[in-house]
Amino acid sequence: MKSFTLLLLAAALLWAAPGRAQQVSVIKFADLQQRLSRQNDTTYVVNFWATWCAPCVKELPLFEQLGTSQAGKKVKVLLVSLDYASQLDKKVKPFVQKRGLKSEVVLLNESDPNSYMDKVDPKWSGAIPFTLIWNGKKNRRATFERKFTQAELTAEINKFL
C-alpha cells in the first residue's frame, strides 16, 4: 500500500512538473520588429493568429508540421497571437497547451493594430490569418493575408530554401 501511494505521489509530481507546458511570452511590437529585422540566413515564418479566428486555428497544425519537417534546415516558425493580453492565462495558454503547440508562441500586447500593421506590411488590411515569410540574408520577403493549405505553405517555403 505504501509503495502504491508513493507511486501515485510520483505520478502527480511528474504530471505537474514545470516546463511541460509551452511558454507564451507577452511582447510589444518593438520586440517583434527587432526580430523581423534580423539579417541572417534563417528563413522566418511568422503567423499572426488568434484563438477566436476559426481559419487561424484550422491552419495552426500546418505550421507545426512545417516546424517538424524543416527541423534540420534553417527555418524558424513564430506564432504571434493577437488575442488581448488579458486573455493570456484564461484562453491563450490553455489553447496552446491543449493543442500541444511546439513552435514558439508570443502574444503581441498592442492595443492599436493600426500602429504596427503598416510596419509589418503596408498592404496588410488587418485580416487574419496573416503570414510573413522572410530571409534577411537573401533579402527575400513574402506576405499572405489568407489561410494556407499544406501544399501552398510548403511551396512558399521552398522558394526561400
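The values are calculated or read from the model by the stated rules, or taken from the named source; none is laboratory data. Everything numeric here is computed off the predicted structure, so don't read it as measured data. Cβ sites come from the backbone with ideal geometry, for glycine too, and all protein chains shown count toward neighbours. Side chains included, ligands, DNA and RNA excluded: accessible areas come from the protein's heavy atoms. Shrake-Rupley method; radii C 1.70, N 1.55, O 1.52, S 1.80 Å.
Observations on the structure shown:
- Summed over region 118-135, residues that are within 18 Å of V75 (Cα to Cα) and touching a Cys at 6+ places or on another chain (Cβ under 6 Å) total 0.
- Cβ-Cβ contacts under 8 Å between residues 6 or more apart (or on different chains), taken from a first residue in region 39-55 that is more than 20 Å from V120 (Cα to Cα) to a second residue that is assigned to a loop (DSSP other than H, G, I, E, B), are listed as T51/D83; W52/D83; P55/I128; P55/P129; P55/K147.
- Residues located in region 37-86, provided they are touching a Gly at 6+ places or on another chain (Cβ under 7 Å) and in a strand (DSSP E or B): V77
- For the residues L153, L132, the requirement of being out of contact with any strand residue (DSSP E or B) (no Cβ under 7 Å at 6 or more places or on another chain) and open to solvent by less than 10 Å² (accessible area, probe 1.4 Å) singles out L153.
- Subset tally (residues that are free of Cβ contacts under 8 Å to residues at least 40 places away in the same chain and in a loop (DSSP other than H, G, I, E, B)) for region 112-131: 8
- Per this entry, W134 is counted among residues that are in a strand (DSSP E or B) and either hydrophobic (A, V, I, L, M, F, W, C) or more than 17 Å from the chain's Cα centre (by Cα) (or both).
- Of all the listed residues (D112, D118), the sole one being closer than 16 Å to S81 by Cα, modelled with pLDDT under 95 and open to solvent by 50 Å² or more (accessible area, probe 1.4 Å) is D112.
- Flag for S81 being small (G, A, S), under 12 Å from the mean Cα position of the chain (by Cα) and under 22 Å from T143 (Cβ atoms): yes
- Filter result for T42 (open to solvent by less than 40 Å² (accessible area, probe 1.4 Å) and not hydrophobic (A, V, I, L, M, F, W, C)): yes
- Residues that are without any contact (Cβ under 8 Å) to a residue 40 or more places away in the chain and closer than 12 Å to L66 by Cβ, drawn from region 152-161: E152, A155, E156, N158
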